[in-house]
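Participant: What follows is a structure written as structure tokens; I'll ask about it next.
What follows draws every value from the coordinates through simple rules; no lab data is involved. Predicted model only: the values in this text are computed from it and were never measured. Note that we place each Cβ from the backbone using ideal geometry, even for glycine, and neighbour counts take in every protein chain shown.
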Amino acid sequence: MPRPTAAQLAYGSCTVILSTLAMLLLSQTSSGVGIAFIAVAALALGLLVAMTVPVPRPRVVAVRKPTAEEEPVPASVAAVAATASEPVHEPTAS
């Protein structure tokens, strides 16, 4: 079973706390059975919210290895080749 992420824990905990407070304030119950029922309902709601938070999927990155014909070019050679391919503009004599 995978471990819950930080977002799942945060959303679930906030849901339990806020829904418990809201249900207790709205129902105005003072009996032990009513409070226990509200607590169990809030826990179930928090679990439902925590399990429905989307879990990030690991990204797959394709790595292309150079073939035998393609040898890696060192960075210094690539820099020289990039500057050598630029056209040279010389002033013309009139």
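Participant: Determine, for each peptide in 48-54, 27-33, 11-17, the mean count of other beta carbons within 10 angstrom over its residues, then list the peptides with the highest first.
Facilitator: Values: 48-54: 13.3, 27-33: 9.3, 11-17: 16.4.
Top of the packing list down: 11-17, 48-54, 27-33.
Participant: How much length is gained if the chain between Val60 and Ser30 is pulled fully straight, taking 0.36 nm per residue apart and subtracting their Cα-Cα distance, in nm to one decimal? Provide the component values of the computation, followed by the final result.
Facilitator: On the way: separation 30, 0.36 × 30 = 10.80 nm, distance 5.40 nm.
Gain in length upon complete extension: 5.4 nm.
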